[in-house]
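Any read-out appearing in this document is the output of simple, stated calculations on the displayed coordinates, not a laboratory observation. In this text, all values refer to a predicted model and were calculated from it rather than measured experimentally. Here the Cβ positions follow ideal geometry from the backbone for every residue, glycine too, while neighbour counts run over all protein chains shown.
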Amino acid sequence: MNETIQKFGYPATEVATYDHWIVLLRPAQVTLGSLILAAKSDATAFPDLPAEAFAELAQATRDIETALKAVVEYEKINYLMLMMVDRHVHFHVFPRYNGEREVRGIDVADAGWPKTPDLGKALTLDAAQTQRLVTCLKEHWPQRG
């Protein structure tokens, strides 16, 4: 796994893996259920990904939205490609909602609603919280062939 994936807590934060992508729980929860959707390749520019990665992106995003809808009941969803510090291709995925959401004893408000996500107001998860949210998301992840 590339260094960007490692930085976001792999393997403890791994929720799902695909041939070209991996979904990780974002250690700093801007909104409850914040994820990282990272390309497994060493590409540092989006158009450098292989065509198969773009095709698989459709399945990965469908699965993300299905699981997050079940767990967080978001109202909108934001995919932000913020590759300013972490150089490998990845998206920050923020389920958006008015107010707070609670899952397994973890409460997070969407401080930026209804505007852009407030990246400065994030809950940094401890190991136990991370495990609880990863487990919850895996339990709601769509089954694939």
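Mind checking which residues of segment 36-54 are outside any loop (DSSP other than H, G, I, E, B), over 24 Å from residue 119 (Cβ atoms), small (Gly, Ala, Ser) and touching a residue at least 24 places away in the same chain (Cβ under 8 Å)? If you could, list the steps in order and put the result at the bottom.
Step one: filter segment 36-54 for residues outside any loop (DSSP other than H, G, I, E, B), giving 36-39, 46-48, 51-54.
Among the residues that remain, those that are also over 24 Å from residue 119 (Cβ atoms) are: 47-48, 51-54.
Checking which are small (Gly, Ala, Ser) leaves us with 51, 53.
Matches in segment 36-54: 53 only.
Being in a helix (DSSP H, G or I), closer than 20 Å to residue 17 by Cβ and in contact (Cβ under 8 Å) with a residue 24 or more places away in the chain narrows it down to one residue among 70, 58; which is it? Please lay out each step first, then the result.
Numbers: 58 fails: in contact (Cβ under 8 Å) with a residue 24 or more places away in the chain.
On inspection, the qualifying residue turns out to be 70.
For residue 60, only one of the following conditions fails: (1) exposed (fewer than 14 other Cβ atoms within 10 Å of the Cβ); (2) more than 19 Å from residue 124 (Cβ to Cβ); (3) of a type in the set (Gly, Ala, Ser). What is its number?
That leaves (1) as the condition not met.
Give the residue that is surrounded by the most Cβ atoms within 10 Å (Cβ to Cβ), with candidates limited to residues of segment 76-95 that are over 23 Å from residue 58 (Cβ atoms) and touching a Ser or Thr at 6+ places or on another chain (Cβ under 7 Å). Outline the logic, then answer.
Taking segment 76-95 as the starting set, the residues that turn out to be over 23 Å from residue 58 (Cβ atoms) are 84-87.
Adding the requirement that they be touching a Ser or Thr at 6+ places or on another chain (Cβ under 7 Å) leaves 86-87.
Numbers: 86: 19, 87: 14.
Going through the qualifying residues, I end up with 86.
Any residue in segment 131-144 that is surrounded by fewer than 13 Cβ atoms within 10 Å (Cβ to Cβ) sitting within a Cβ distance under 9 Å of a residue that is hydroxyl-bearing (Ser, Thr, Tyr)? List the pairs, counting only those 6 or more apart or interchain.
The qualifying pairs are 144/18.
Tell me, which residue of segment 96-110 that is touching a residue at least 24 places away in the same chain (Cβ under 8 Å) and either in a loop (DSSP other than H, G, I, E, B) or touching a Cys at 6+ places or on another chain (Cβ under 7 Å) (or both) is surrounded by the fewest Cβ atoms within 10 Å (Cβ to Cβ)?
Ranking the candidates gives 105 first.
For segment 73-95, how many residues meet the condition of being in contact (Cβ under 8 Å) with a residue 60 or more places away in the chain, under 21 Å from residue 136 (Cβ atoms) and either out of contact with any strand residue (DSSP E or B) (no Cβ under 6 Å at 6 or more places or on another chain) or not hydrophobic (A, V, I, L, M, F, W, C) (or both)?
Count: 2.
Scan segment 111-127 for residues that are surrounded by fewer than 16 Cβ atoms within 10 Å (Cβ to Cβ) and either of a type outside the set (D, E, K, R) or without any contact (Cβ under 8 Å) to a residue 24 or more places away in the chain (or both) and jot them down.
Residues of segment 111-127 that are surrounded by fewer than 16 Cβ atoms within 10 Å (Cβ to Cβ), as a first pass: 111, 114-116, 118-121, 124, 126-127.
Of everything in segment 111-127, those that are surrounded by fewer than 16 Cβ atoms within 10 Å (Cβ to Cβ) and either of a type outside the set (D, E, K, R) or without any contact (Cβ under 8 Å) to a residue 24 or more places away in the chain (or both) turn out to be 111, 114, 115, 116, 119, 120, 124, 126, 127.
Output the number of residues of segment 32-56 satisfying the condition of being under 18 Å from residue 95 (Cβ atoms) and hydrophobic (A, V, I, L, M, F, W, C).
Our first condition is that a residue be under 18 Å from residue 95 (Cβ atoms); within segment 32-56, this holds for 32-38.
The next check asks that each one be hydrophobic (A, V, I, L, M, F, W, C); those that pass are 32, 35-38.
Residues flagged as under 18 Å from residue 95 (Cβ atoms) and hydrophobic (A, V, I, L, M, F, W, C) within segment 32-56 amount to 5.
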